[in-house]
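Chemist: Pasting a structure here, questions to come.
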Amino acid sequence: MPKIINPADWSELYSYDYISREELDKKIKKAENAYAYWKNTSFEERKTLFKKLASLMLENKEELAKLDTQEMGMLYSWALWDVSKSAAGILYTADNFENWISPKEFNEWGITGQIVYESMWIVYTVSPWNFPYNQVFRNAAPNILAWNVVLSKHASNVVWVARKIEELFLQAWFPEWVYQNIEISASESEYIISHPSVRWTNITGWDKAWRVIGSLAWKYIKPSVLELGWSDPFILLDTSNLDKAVELAVTWRLSSCGQKCNSSKRLIVVEELYEEFCKKLAKAFWELKVWDPFDSETKVWPLAKEDALWDLETLVSKSMKTGAKLLIWWKRIQPSPQSSPNGRGSSSWWFYFEPTVVCDVVPGMSLFDEETFWPIAAVIKAKDTDHAIELANSSRFGLTAWVFTDDKAKFEYAASRLESGSVFWNKIPTSYPFLPYWGIKDSWYGRELWETGIKNFMNEKVIAY
């Protein structure tokens, strides 16, 4: 029986039981029944329902955001953004999906006909805890707009959000069982993926999780979309405003307390700016307020899960033993009777970790080679632009990259050589519903968002005359 702990104060929020195999079979049968109706709905029906869903989310965003903060410790203002971004993505996709997946006529080489887009049936999705609403809706919305129905396994520590999402679909007057939350153990994934009615699977998750889901999808010959792992680079090549570069680097490295797939994990800086950048970065990290996630002044909030604290301590310790240099504080915050002026310390804080800066990180160190999903900045020195690109590419991951330079030509030179799904110039990299979202190497398999994302979950059928 999983027990869910509030990361901010160690209080037990709730416990729950996984559903039985018999209950899971009933849910799969309900999904089959829902599909029989849903596959015949019109574009307008689906658009109307999703617009109602987005409207409900915006009307109730304070209530919804509170669940994020309670279950996984997210700063309340960020939790509001999680809800608002999800609603915005739903609205954009609902406004554009008909154009994307309407039949396309062709007349080439004496052959005429249509390319039509058909649903696949039931899609099994596995979502992580770091943005509890957006991680679900960014694949569930296009899936269901594409006439599919969804069985959704959310992370085990955000069950309140998972149940609320299912409730929102029903409140928006979606037919029952088009979207179902399933509270199962990870061991049930093979049973679901092997089921003949389940035609597709989608996961955003940790390295071990996606390897399991990916291998099962191959085993049972089921298409899949896998968002895998991340170690995105921030690359500082030159700047006339170092303070601004540091400010943006801090903002994005600590985006969602560092628990964000496309926040920059490796900060690569050319040597002429390196020492000053490290000093300013360390000062900025030290001045951040570590506090209650419901406090609007908080900048660093608790990590979502306790095991992250031990993983972080291990990675920092291993890197220091091989030559990395600690610039500021790395430790788990232990209880203390009083709070200090900058907000550090409390009698009940257990999932907090000091924001940490480690410099002189090089390939081969844990902080360079592995995912760092926490409030830690690994700073790496580059000789020049080409060396910075080489360092950025010296990773098994390739989701996004961020190049900071005053010189557009230098950016374009770097962008054409960086191994990633997207490259941003002096702009914080993130996902948008009007752009395809994906990565290369060990970061991604398949596509999400925009036209390519919704078509991923459909049968692209050729009808020739």
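Chemist: Debye calculation, C-alpha points only, no solvent: report log10 I(q)/I(0) for region 65-136 at q = 0.19, 0.21, 0.22, 0.27 Å⁻¹, in the same order as the q values.
Modeler: Log10 I(q)/I(0), no solvent term: -0.87, -0.95, -0.99, -1.14.
Chemist: To continue, here is another question. Using r as the Cβ-Cβ distance of E105 and D17, and R0 as 60 Å, what FRET efficiency do you calculate, to the nearest 0.05?
Modeler: It comes out at approximately 0.70.
Chemist: On to the next question. With helices defined as uninterrupted DSSP H runs, which ones in the chain have an alpha carbon span along their own long axis of at least 30 Å and mean Kyte-Doolittle hydropathy of at least -0.5?
Modeler: Those that pass (Cα extent of 30 Å or more, hydropathy at least -0.5) are 76-101.
Chemist: Roughly how many nanometres apart are two label points built 7 Å out from the Cα toward the Cβ at K283 and W173?
Modeler: Using points 7 Å along Cα→Cβ, the separation is 5.9 nm.
Chemist: Output the relative contact order of region 233-432, whole-number percent, from Cα pairs under 8 angstrom with separation of 6+ residues.
Modeler: Computed value for region 233-432: 27 percent relative contact order.
Chemist: Cα extents of the chain along the three principal axes, largest first, in whole Å?
Modeler: Extents along the principal axes, in whole Å: 66, 59, 41.
Chemist: For region 424-465, I need the span (max minus min coordinate) of the C-alpha atoms along each principal axis, in Å, sorted largest to smallest.
Modeler: Dimensions of region 424-465 along the principal axes of its Cα atoms: 50, 24, 14 Å.
Chemist: Next question. Take peptides 379-392, 20-33 and line them up by average Cβ neighbours within 10 Å, highest first, as a rough protection proxy.
Modeler: Most protected by this proxy first, the peptides run 379-392, 20-33.
Chemist: Considering only DSSP beta bridges with both partners in the chain, what is the antiparallel share in %, to the nearest 5?
Modeler: Around 40 percent of the beta bridges assigned by DSSP in the chain are antiparallel ones.
Chemist: So if I restrict to the alpha-carbon atoms in region 233-432, what is the Rg, and what is Dmax, the biggest pairwise distance, in Å?
Modeler: In Å, with Rg to one decimal and Dmax whole: 16.5, 55.
Chemist: Kindly rank 401-413, 297-309, 150-162 from highest to lowest mean number of other beta carbons found within 10 Å of each residue.
Modeler: Descending mean neighbour count gives 150-162, 297-309, 401-413.
Chemist: Moving on to the next point. Counting pairs of alpha carbon atoms under 8 Å apart in space and at least six apart in sequence, what relative contact order in percent does region 25-85 give?
Modeler: 26 percent
Chemist: Check cross-link reach from K29 to the aspartates and glutamates: straight Cα distance under 20 Å, and skip same-chain residues fewer than eight apart.
Modeler: Those aspartates and glutamates meeting the cut-off are E166, E167, E176, E183, E188, E190.
Chemist: Rg and Dmax of region 102-162, Cα atoms, in Å?
Modeler: Considering region 102-162 through its Cα atoms, Rg and Dmax are 17.3, 57 Å.
Chemist: Can you tell me which of 363-372, 234-243 comes out highest on packing, and rank the rest after it, using the mean Cβ neighbours within 10 Å?
Modeler: With the highest mean Cβ count within 10 Å placed first, the list reads 363-372, 234-243.
Chemist: Kindly provide log₁₀ I(q)/I(0) values, in the same order as q = 0.15, 0.21 Å⁻¹, from the Debye equation applied to equal alpha-carbon scatterers of region 347-465.
Modeler: -0.84, -1.28
Chemist: Next up: Using only C-alpha atoms and all pairs of different ones, pull out the Kirkwood radius for region 1-116 in Å with one decimal.
Modeler: When all Cα pairs of region 1-116 are included, the Kirkwood radius is 18.3 Å.
Chemist: For region 426-431, in order, what is each residue's ³J(HN,Hα) by Karplus, 6.51 cos²θ - 1.76 cosθ + 1.60 with θ = phi - 60°, in whole Hz (x at glycine and Pro)?
Modeler: Ordered by residue, 3J(HN,Hα) equals 6, 10, 5, x, 7, 9 Hz.
Just so you know, all these numbers are worked out from the coordinates, no wet-lab data involved. What you see is a predicted model, and the numbers here were worked out from it, not measured in a lab. Cβ atoms come from the backbone with ideal geometry, glycine included; neighbour counts cover every protein chain shown.
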